[in-house]
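*Asks:* Please see the structure below; I have some questions.
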Amino acid sequence: MLIWRGFGFLAAVIPLGMLALTEQIVGQPAYAKHSWYGAAALLASAAAVYYLSIVLRQRAESSQRELVDQKTGQTVVLRRHHDFFFIDMRWWAVIIVVIAVVFLVVPDQP
């Protein structure tokens, strides 16, 4: 079961799409033999996810609303959140970079 808010699902769709696109471009034998293809695709997708998170955060901040509770006088700010499995999209970019490093550390298959 996938859990997301807003456009948080793109934190998974973008890396999977980049990996599939890279596999189609370089071909299955080369993609399976050299792990740096997958690492490069993941690094590119991490940059895309981080940039998208910045754009979505700016859009959310510009359309946020402030409400004041009449009884307590406390202010509540309402704005959209974009997260995947309760983790904000900008942190998914860091997680994707870590996965890319793991791709580089794991030895290539013979």
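*Asks:* Hey, can you tell me all the residues within the range 51-87 that are surrounded by 11 or more Cβ atoms within 10 Å (Cβ to Cβ), more than 20 Å from GLY17 (Cβ to Cβ) and in contact (Cβ under 8 Å) with a residue 60 or more places away in the chain?
*Replies:* ARG80, HIS81
*Asks:* For a quick check of your reading: which helices (runs of 4 or more DSSP H) sit entirely within the range 1-91 and have at least 1 residues that are modelled with pLDDT under 90 and within 17 Å of PHE103 (Cβ to Cβ)? Talk me through it step by step, then tell me what you get.
*Replies:* On the way: elements: 10-26, 28-33, 36-62.
Once the helices (runs of 4 or more DSSP H) in the range 1-91 are filtered for at least 1 residues that are modelled with pLDDT under 90 and within 17 Å of PHE103 (Cβ to Cβ), what remains is 28-33, 36-62.
*Asks:* Within the range 3-50, track down each residue that is touching a residue at least 24 places away in the same chain (Cβ under 8 Å) and touching a Phe, Trp or Tyr at 6+ places or on another chain (Cβ under 7 Å).
*Replies:* Passing the criteria: ILE3, TRP4, GLY8, PHE9, ALA11, ALA12, SER35, GLY38, ALA39, LEU42, VAL49.
The values are calculated or read from the model by the stated rules, or taken from the named source; none is laboratory data. Worth saying up front: this structure is predicted, and the values here are computed from it rather than measured. Cβ: placed from backbone, ideal geometry, glycine included. Neighbour counts: every protein chain shown.
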